[in-house]
Each structure stands twice: as C-alpha cells, then as structure tokens.
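Below is one structure; the comments refer to it alone.
The values are calculated or read from the model by the stated rules, or taken from the named source; none is laboratory data. Keep in mind the model is a prediction, meaning the values are calculated, not measured. Reconstructed Cβ throughout: ideal geometry from the backbone, glycine too, with neighbour counts over all protein chains shown. When the accessible area is computed, the model is the full protein with side chains, heavy atoms only, and any ligands, DNA or RNA have been set aside. Shrake-Rupley method; radii C 1.70, N 1.55, O 1.52, S 1.80 Å.
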Amino acid sequence: MTEAKKQIRVAFVGNPNCGKTTLFNAVTGSRLKVANWPGVTVEKKEGYAEYEDCSLTIVDTPGIYSLTCYTIEEKVTRQCVMDDAVDVIVNVVDASSLERNLYLTLQLLELGKPVILALNMMDIVEERGMEIDLHRLPEMLGGIPVVPVSAARRTGLGILLHAVVHHFEEGATGNVLTYGEEIEHKIARLEVMMQARFPNHACIRWHAIKLLEQDEDVMNDHPMSVMDIVEKSYEKEIIRQKYAYLETVVAEVLFHKEKKAAFTDRIDSVLTHPVWGVPIFLLIMCFVFFMTFMVGDFLKGGFESALGFLSGEATRGLVFAGCAPWLISLIVDGIIAGVGGILTFIPNIVILFLALAILEDSGYMSRVAYVMDTMMGRAGLSGKAFLPMVLGFGCSVPAIMATRALETERDRRKTMLITPFMSCSARLPVYVLFSDMFFPKYPHLAAFSMYAIGMAVAILVALAMRGWEKGRAGSGDCLLIELPEYKRPNGRTIGIYVWTKLKDYLEKAGTTIFIASIIIWFVLNFGIHGMVENPADSFGAVLGRGLLPVLAPAGLDMWQIAVALISGISAKEVVVSSFAVLFGVVNANSEAGMAAIMNHIHMQNPDFGPVNAYALMVFCLLYVPCAATIGTVKKESGSWKFTVQMVLFQLFLAWLGAVLVYQAGSLLFPTG
C-alpha cells in the first residue's frame with residue numbers, strides 16, 4: 001500500500017514588484033496575471049507542486065510592504081500568514097532592493113513560523129556588478145535558509161522546494177531582533193498575559209509587539225486590559241529600531257552597490273517629468289495604436305481568406321445536405337458572420353496586448369500612475385485610483401476588482417464609476433471597424449482619440465463629483481507606488497500575458513458572442529407573423545425604431561444602430577458582430593465587408609458620414625460596460641442601488657457626449 005504524501009501548505013509573501021507571482025507561476029506551472037506594478041494580485045491564488053515525498057499547496061498572496069493593515073491587500077495577506085494552516089512562509093525578496101524588502105522579512109520572522117528567504121532577481125544583481133554575501137545574510141537573519149533564485153530564468157527552484165520541505169521539518173528559528181531592555185520587558189509581560197488568556201494561540205511574540213504598537217485589529221481581536229503596560233504607542237520606536245538593524249545588515253552583506261547603473265534615474269528624469277511625463281505617455285500610446293493598425297491590418301488578410309473559405313464551404317455543405325434555408329441562414333449569416341467577423345480582429349488585439357505587456361514588464365506602466373498622481377489628486381481622488389484605471393485598458397472586470405487597493409469606500413466607488421471610461425480591449429474592434437471605414441487616412445489617430453477622450457472624461461467626472469461633494473472629496477492620500485528598475489521584458493512573462501488575454505478573447509467569441517449572434521439572428525429574422533424576409537419587419541426593427549427619437553439628436557437615427565448598441569451590453573465586441581448580422585456581411589473587417597456596410601448605411605441614411613461615425617464611437621466609449629463588469633461592480637460595491645445609478649449615469653453621459661459631438665461636428669463640417 002502506497003504511503004500518503006506529507007501535506008505542506010506554503011505562503012508566498014513579498015513586496016509588490018518582487019517577482020512573487022512570476023516565481024509562483026514558475027514553481028506551480030500556473031498561469032496568473034503578471035504585471036510590473038502593485039495592486040494586480042488582489043486575492044490569494046493557490047497552486048500545487050510535488051517534491052520528494054511531499055505535496056505542496058502554495059498560496060500566492062497580494063504584494064505588501066508590512067503586516068500593518070491599511071488596505072484590503074494587506075488584510076488578505078496578513079490573514080493568510082496568520083492562518084494556522086500555513087506551515088511555511090516563503091518570503092520572496094527583490095535581491096536588487098534589499099533595504100526595502102527586508103523590513104517585511106523582520107516582521108515575518110516574529111510570527112514564529114518557518115520562514116525561507118527567496119532572493120529573487122539575482123540575475124539583475126549580477127548585471128549591476130553587485131554582490132550579496134550569502135553566508136553572512138542568513139546568519140544575521142537568525143539562521144533561516146536563504147535561497148538565490150531567478151523566477152524569470154527558472155533557476156534555483158529545486159533548491160527552494162528542498163529548503164521548504166526540510167525547514168518545515170526543523171521548525172522556526174529564534175528571535176532575530178531585540179528592541180532594548182524597556183521594550184523587551186513589556187513584550188515579555190504581554191506574552192505572559194497572552195498565554196494566560198489565549199493558551200493555544202500561535203505567534204505570541206508578534207501579537208505582543210502589535211499590542212505595543214496599539215494595532216487596532218489585534219486589540220479588537222484580543223481584548224485585554226494592557227493600559228498599565230502599554231501607556232502609549234511604541235510603533236515609531238519599533239519601526240526605527242527595525243530600520244537601524246536593516247542598515248547594519250545591508251552594510252555587512254551587500255557590496256559594490258555604488259556600481260549600480262543610473263540608467264533608471266536618467267530615463268525617469270524624462271519619462272516622469274512633471275511637465276513632459278503625460279505628453280510622452282500619450283505619444284507612446286499613439287504609437288502603440290499606429291502599430292496596432294499598421295501591423296494588425298497587414299496580418300489580417302489570412303484571417304479574412306480563412307473566414308471567406310469557411311463561409312463558402314459551409315454554405316455548399318449545408319445546401320448539399322439539404323438543410324432548410326433558415327438553418328443555412330442561421331449558421332452562415334448568424335454564427336459565422338457574427339463570431340467569425342470578431343476573429344478577424346485577432347491580429348489587432350494581439351498587437352495591442354503585446355505592446356501593453358512590454359510596457360508593463362519593462363516597468364513603464366508604474367511611471368504612468370506616478371505622473372498621473374498630481375492630476376488625480378486635483379480631481380479629488382487618491383493617486384492609487386489611477387492603478388485600476390490603467391488596468392481598465394485591458395479589461396474592466398479586474399480593473400474594478402483592483403479598486404480594493406483603495407483605502408476608503410468613497411474612493412472605491414468613485415473609481416468604479418470612472419474606470420469603465422478607460423477603453424478596454426473589447427471596444428477595440430469597434431474603433432478599428434469605424435476608423436477604417438470613415439477615417440481611412442488616419443485610423444490610428446481616430447482610435448487613439450477614444451482612449452484620450454475616455455481618460456479626459458474620467459478626470460472631468462471626478463472633478464465634477466469633487467465640486468458636488470463641496471470639500472468632502474479628496475482623501476489626501478499620496479500615491480505610494482513602487483517604481484521598479486527598468487528591465488528587459490521577459491519573453492515568457494509577455495507570452496503568458498498575451499496568451500491569457502487572447503484566450504479570454506477566444507472564449508468570449510465561443511460563448512457570449514456565439515450566443516448573442518444567434519439571438520440577434522432570431523430577432524432580425526422573426527416578427528409578429530413568424531419568419532420574415534425583410535429585417536425591417538422583424539422584432540429587432542420594432543425595438544430599434546422605438547429608440548430612434550432618443551438617438552436622433554446624436555446622429556444615430558438608424559434602427560440597426562440601436563439594435564447593435566443594445567446587443568453590445570452583453571459584450572462590446574458584439575456591436576461589430578451585430579453589424580455583420582444586421583447587414584448580412586460575412587466578414588465586417590474586410591474591405592468588401594466594410595464597403596457593404598457603408599452601402600447599407602448610406603441606403604438608410606445618405607447623410608451618415610464621419611461625424612455620425614465619430615458620435616457612434618463616442619457613444620460606444622462612454623455607455624454602460626459589459627454585463628460581466630456590471631456584475632463585478634455589484635459584487636465589489638455590495639449595492640444594487642449604486643450599480644443601477646452608475647448604469648443610468650453612464651447611459652446619459654454617453655448620449656450627451658454623442659449629441660455634443662454630432663451637433664458640434666455638424667456645425668463645423670456640414671454635409672452637402
């Protein structure tokens with residue numbers, strides 16, 4: 001009979017940007033989101049690994065700087081490491097920034113659990129000509145195992161797992177740092193009280209120290225009368241002594257620090273400049289969209305040919321099989337036209353994701369949040385609010401979840417309200433289609449302007465809310481964000497990021513868009529008297545015409561547009577697939593498909609031109625996010641009232657923005 005494997009539960013803990021999630025991926029083979037700024041991992045994630053006769057359950061926790069709780073991230077991590085089920089803590093440390101990272105290490109050692117120091121990014125240390133004394137460092141940290149690893153190069157992983165297993169069996173080391181006679185005497189008295197009141201409690205010393213610091217959560221969870229011992233908060237004194245000890249540690253173990261390259265500082269003097277920082281970011285994003293169109297449009301020919309071939313062969317096969325005309329229309333005009341048309345945007349989507357992944361992994365996106373901090377503060381928001389907004393360029397769902405990093409409920413809700421104005425990747429097919437159709441000479445500028453308008457609207461809305469709150473807005477929080485050293489983007493990390501995003505896009509095409517395309521086909525092919533030959537007699541036409549009086553001031557007085565916008569609530573890509581189904585176009589993204597859509601539009605409204613198209617793009621930018629995002633807002637806010645108010649506000653704002661664009665554009669560029 002096979003002996004059961006020993007079960008060990010391990011928590012990966014570390015500062016933001018220390019490479020913790022990348023190391024987690026390397027050890028477990030998981031595919032989690034990896035980004036080069038704080039606030040991405042907002043919940044613990046689990047993975048599994050095997051070593052010798054042990055089965056390891058590994059928990060990836062949010063990045064934190066200390067075990068003092070100020071944000072949801074810190075609370076999640078502290079709750080995890082305090083859990084009795086966690087057997088071993090792997091403290092992942094950026095070896096190139098020992099001074100900053102080791103403060104958390106000292107706190108973890110006070111928990112009384114086995115701690116292993118994983119010195120990550122040792123390759124960067126070597127590149128900078130720095131050296132770390134790997135013999136003296138563990139001595140000064142109480143004899144804990146110190147394992148040099150490189151998550152990016154996947155080196156040192158076996159040694160790390162070996163250390164986990166063997167240190168689990170040996171148990172925790174003794175105290176590393178003492179705080180002087182007075183504080184140590186108080187800690188000893190508090191430990192006696194803790195053991196008497198909570199005899200089975202773990203981490204006695206850590207809790208005693210937190211009681212001395214008058215930590216609110218610890219005092220609430222462990223109510224005791226300690227006024228005769230803790231007559232004041234000793235937090236500042238304890239922090240001072242920790243940093244004093246860290247200075248000694250770094251001085252003894254880190255060599256040739258003066259050789260550290262000033263490359264990052266030289267670049268940051270330009271990219272984070274208080275005047276030029278924002279314009280440079282906008283220029284970089286403009287170049288990203290230029291590449292998205294130029295390279296993406298060059299590659300999409302193969303997808304167009306494949307889709308045309310599939311549509312033709314499907315039609316011939318269905319006719320040969322004797323299928324009913326309605327079934328042929330459903331499959332070819334509904335499913336293939338709706339889903340297939342979306343797939344032709346894959347080259348554009350991949351180029352955009354690739355560019356964003358490079359910007360993230362190089363360390364630049366952290367700078368974007370930094371340079372926007374002043375502007376966010378003037379808008380009455382915490383500087384941290386821009387982090388979810390940056391995430392919104394990829395997908396609004398994780399962006400809304402990332403608002404957990406904000407410290408107040410008011411800041412979280414304000415950020416939830418404005419984050420959907422960041423153009424997520426799902427809107428890109430809409431921008432690509434209408435930019436190519438109506439702005440063929442400068443499509444990348446037309447598309448990029450949507451991203452710029454979204455950011456501007458978000459800030460203006462925040463400013464308006466600040467004025468409405470009459471001085472109650474603005475938490476006054478400064479942005480504490482890690483600005484990592486610039487580094488060469490890691491190909492594997494970028495590959496994981498792009499593939500994860502592309503997989504999500506394909507899954508959406510195979511589920512949400514697939515179902516939406518079928519529903520749209522039925523709505524356009526059936527009416528009161530059954531199946532109709534003319535879509536103008538369908539249920540969809542009736543619904544669309546009912547909305548025309550509302551959309552007419554925005555220049556969107558076509559029932560097909562109304563139907564497409566309604567369908568876009570399920571997923572923004574569905575707006576494009578709806579146009580394909582509405583006008584019977586197999587591939588809306590091809591030159592022939594765009595020409596056919598243009599022809600249908602001008603048959604309905606001969607005056608529909610670039611101004612109308614731009615108003616439509618603005619409406620798609622500002623109106624309600626997809627159903628998944630709305631559900632996430634409800635979950636994160638815990639309020640249906642707030643969620644409904646947000647949806648109604650964004651609908652009104654989209655209508656108002658489109659009306660202003662159309663009316664002003666019609667005056668400046670009159671038709672005829």
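See the values below:
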item: Under 5 Å, built H, 5+ apart or other chain: amide partners of Y51; result: L56
item: Heavy-atom surface of the chain, accessible at 1.4 Å and reported per residue (Å²); result: 42 Å²
item: Rounded to whole Å, sorted largest first: equivalent-ellipsoid semi-axes of segment 576-669, Cα gyration tensor; result: 31, 20, 8
item: Proportion of all alpha-carbon pairs of the chain beyond 45 Å (%); result: 31 percent
item: Excluding exposed DSSP-loop GluC sites (Glu not before Pro) (at most 16 other C-beta within 10 Å), longest clean stretch of the chain; result: 53-230
item: Distant-in-sequence amide H partners of G527 (H built 1.01 Å from N, under 5 Å); result: V532, F539
item: Nearest-ten-degree value, helix 72-82 long axis tilted from longest Cα axis of the chain; result: 40 degrees
item: Extreme residue, positive dipole direction of the chain, given options I229, F434, S269 (C-beta unit charges); result: F434
item: Whole-Hz couplings from phi, Karplus 6.51/-1.76/1.60, listed for segment 392-400; x for Gly and Pro; result: x, 5, x, 7, 6, 5, x, 5, 5
item: Counted charge near A516, where neighbours are those whose Cβ lies closer than 13 Å (Asp, Glu -1; Lys, Arg +1); result: +1
item: Residue-span extension gain [E52 to R153] - 0.36 nm each, minus C-alpha spacing; result: 34.1 nm
item: Stokes-Einstein D (µm²/s) once Rh is taken as the Kirkwood radius of segment 559-611 over alpha-carbon pairs, at 37 °C in 0.692 mPa s; result: 290 µm²/s
item: Net length gained if the chain between A536 and F309 were fully extended (0.36 nm per residue, minus Cα distance); result: 78.8 nm
item: Once exposed loop chymotrypsin sites (Phe, Trp or Tyr not before Pro) are cut out (DSSP; at most 14 other Cβ, 10 Å), longest piece of the chain; result: 277-672
item: Derived scalar couplings ³J(HN,Hα) [segment 207-223; Karplus, 6.51 cos²θ - 1.76 cosθ + 1.60; whole Hz; x for Gly, Pro]; result: 5, 5, 5, 5, 5, 5, 7, 6, 5, 4, 5, 5, 5, 6, 6, 10, x
item: Nitroxide proxy distance, nm - points 7 Å out along Cα→Cβ at L134 and L506; result: 3.9 nm
